Amino acid sequence: MVKRELLQTQFQGVVCKRGHSGIRYMSNRSCVECVKEFNRKRSSTIAGRRYQANWKRENPQTQAEWLAVNRERRMLSVARHRAKKKNTPFSITLEDICIPEICPVFNTPLDWEGKRDDRPSLDRVVSGLGYIKGNVRVISGRANRLKNNMTKSDVLRLLAYIEEGT
Ligand SMILES: [Zn+2]
């Protein structure tokens, strides 16, 4: 799958003319840091931002490809954003995000393209502790939603109610 590699990066050893580390895009060998700097500069003007929005609209597959190879990165950045907004502790890094094939709660397959319930979702094991090392796990959207909507005593009451009826 050549297409998937479009935005993949690789250490290619050659330092760029601005002295960056040598991590380059595999597709066109341009320096990742230089491209980032260029985009950062561009997004500082209204015309630049308009150009970027247009480009995104005309190249929707590129973003999809980036997502396909960078699921964990995406998950991390969404979590960082949420933590900032809600003022929750955040100290995890990419290696703390490990996406399994199967939901550890319900044993159902996790599916990025599937229904919301089946999509992988980052859980804070003890939600009050925030996104800190040892406190995050990837579970299904369904498990995460149920967990967030119920306290332990809610679960026990619900279970008791269900068992009464059987
Ligand atoms: Zn560079």
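Values quoted throughout were computed directly from the atomic coordinates according to the rules given, and no laboratory measurement underlies them. Since the model is a prediction, treat every value here as computed from it, not as a measurement. Counting neighbours? That spans all protein chains shown, and the Cβs are built from the backbone with ideal geometry, glycine included.
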Next item on the list: Could you state, as a whole-number percent, how many of the C-alpha pairs of segment 71-165 are farther apart than 18 Å?
Entry: 50
Margin query: For the chain, what does the relative contact order come out to in percent, with C-alpha contacts under 8 Å and a separation of six or more?
Written below: 14
Item checked: Whole-angstrom Cα spans of segment 2-58 along principal axes, big to small -> 36, 29, 10
Note to self: Apply the Karplus curve 6.51 cos²θ - 1.76 cosθ + 1.60, θ = phi - 60°, to the phi angles in segment 150-166 and return the couplings in whole Hz, x for Gly and Pro.
What the structure shows: 10, 8, 4, 5, 4, 4, 5, 5, 4, 4, 4, 5, 4, 5, 4, x, 9
Check: Under the Karplus relation 6.51 cos²θ - 1.76 cosθ + 1.60, θ = phi - 60°, what is the ordered set of whole-Hz ³J(HN,Hα) values for segment 136-146, x standing for Gly and Pro?
Finding: 10, 9, 9, 10, 6, x, 5, 4, 5, 5, 4
Next item on the list: Using a cut-off of 12 Å between beta-carbons, work out the net charge of the residues near residue 13 (Lys and Arg +1, Asp and Glu -1, residue 13 not included).
Entry: +2
Next item on the list: Find which of 10, 47, 87 sits farthest along the positive direction of the dipole of the chain, computed with +1 on the beta-carbon of Lys and Arg, -1 on that of Asp and Glu, about the Cα centre.
Entry: 47
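Over segment 2-58, calculate the relative contact order: mean separation of alpha carbon pairs under 8 Å at least 6 apart, over the residue count, as a percent.
Computed value for segment 2-58: 22 percent relative contact order.
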Checklist line | Residue-by-residue Karplus 3J(HN,Hα) for segment 46-63, coefficients 6.51, -1.76, 1.60, Hz, glycine and proline x | finding: 5, 4, x, 5, 5, 4, 5, 4, 4, 4, 4, 5, 7, 10, x, 5, 5, 5
Notebook entry, point to check: If the chain between residue 163 and residue 88 were fully stretched, how many nm would it gain, using 0.36 nm times the residue separation less the Cα-Cα distance?
Noted result: 23.3 nm
Item checked: Calculated SAXS-style log₁₀ I(q)/I(0) at q = 0.12, 0.16 Å⁻¹ - the chain, Debye, Cα scatterers -> -0.75, -1.14
